[in-house]
1. Only residues that are under 16 Å from the mean Cα position of the chain (by Cα) and modelled with pLDDT of 70 or more: list them for the range 113-128, please.
2. For the range 68-95, how many residues are more than 20 Å from LYS160 (Cβ to Cβ), in contact (Cβ under 8 Å) with a residue 12 or more places away in the chain and assigned to a helix (DSSP H, G or I)?
3. Of everything in the range 33-45, what is farther than 9 Å from ASP78 by Cα and in contact (Cβ under 8 Å) with a residue 24 or more places away in the chain? Give them in sequence order.
4. Of everything in the range 36-57, what is under 14 Å from ILE176 (Cβ atoms) and either small (Gly, Ala, Ser) or at pLDDT 95 or above (or both)? Give them in sequence order.
5. For the range 157-186: of the residues being assigned to a helix (DSSP H, G or I) and under 14 Å from ILE100 (Cβ atoms), which is nearest to the chain's Cα centre (by Cα)?
6. Exactly one of these conditions fails for ASP60: (1) surrounded by 17 or more Cβ atoms within 10 Å (Cβ to Cβ); (2) more than 19 Å from PHE99 (Cβ to Cβ). Give me its number.
7. Could you tell me whether any residue of the range 48-60 is closer than 18 Å to LYS13 by Cβ, not in a loop (DSSP other than H, G, I, E, B) and not acidic (Asp, Glu)?
Amino acid sequence: MVCGVAVVNNGKKIFLIGANKTGTSSTTQAFENMSIRVCPYQKTYRIWNSIVENELKVTDKHLLMLDKLVEKYDFFQDLPICFSDMYKKIYDRYDNCFFILTTRDSEKWADSVYRWCSTKNCHGVYEKIWNQKDIEQHRRPLIEKFEMRNREIIEYFKDKGTLFYCDIEIISYEKIAKALGIEIEISASFPKLNVNKETK
């Protein structure tokens, strides 16, 4: 645990469902700093690879794979957690679950996606996530899908009381603790990973 961060967890299973490039790496690091049991992304990515092999269809097999991870960890992020409407399946499946939607300015998000794809050669991944071919040539449709997904998530959780959403520019330990209803003592600043490079 990072010096200056102490937390008392309340047993919630926390799912970070913000799209890639919305500060998810920084938010994940924050939970690691709070000594929350963070599931390594490599483990959830095995589920994602299986979903891809199944033509992006989520089946009971994939949910059973997630069940095993939920037994061991308390915080989950990256694919397939942030894929499409996976959050609905998770909400229906687990008790005491809580969701975090990280957001950011749409134009800045698109810029970050393009930079990431150009340096990591991951165009195919983003085309699968957003069902959008040639994303660099279709910026506006990609942004519209990003904004629509955020609206749909907020609407879905409107009366459920299990969603915290926040722009990455103002997210903080204090805001997260208040949303989760956990006790926290902190003197450290919120992580800012990949700043001026990429925002994952």
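The values are calculated or read from the model by the stated rules, or taken from the named source; none is laboratory data. Note that the coordinates shown come from a computational prediction; the quantities given were computed from them, not determined experimentally. Neighbour counts are summed over all protein chains in view; Cβ atoms, including those assigned to glycine, are modelled from backbone coordinates with ideal geometry.
1. Within the range 113-128, just VAL113 meets the criteria.
2. Residues meeting the conditions: 2.
3. Residues satisfying the conditions are ASN33, MET34, SER35, ILE36, ARG37, VAL38, CYS39, LYS43.
4. VAL38 - this is the single residue of the range 36-57 that is under 14 Å from ILE176 (Cβ atoms) and either small (Gly, Ala, Ser) or at pLDDT 95 or above (or both).
5. ILE176
6. The one condition ASP60 does not meet is (1).
7. Among the residues of the range 48-60, not one is closer than 18 Å to LYS13 by Cβ, not in a loop (DSSP other than H, G, I, E, B) and not acidic (Asp, Glu), which makes the answer no.
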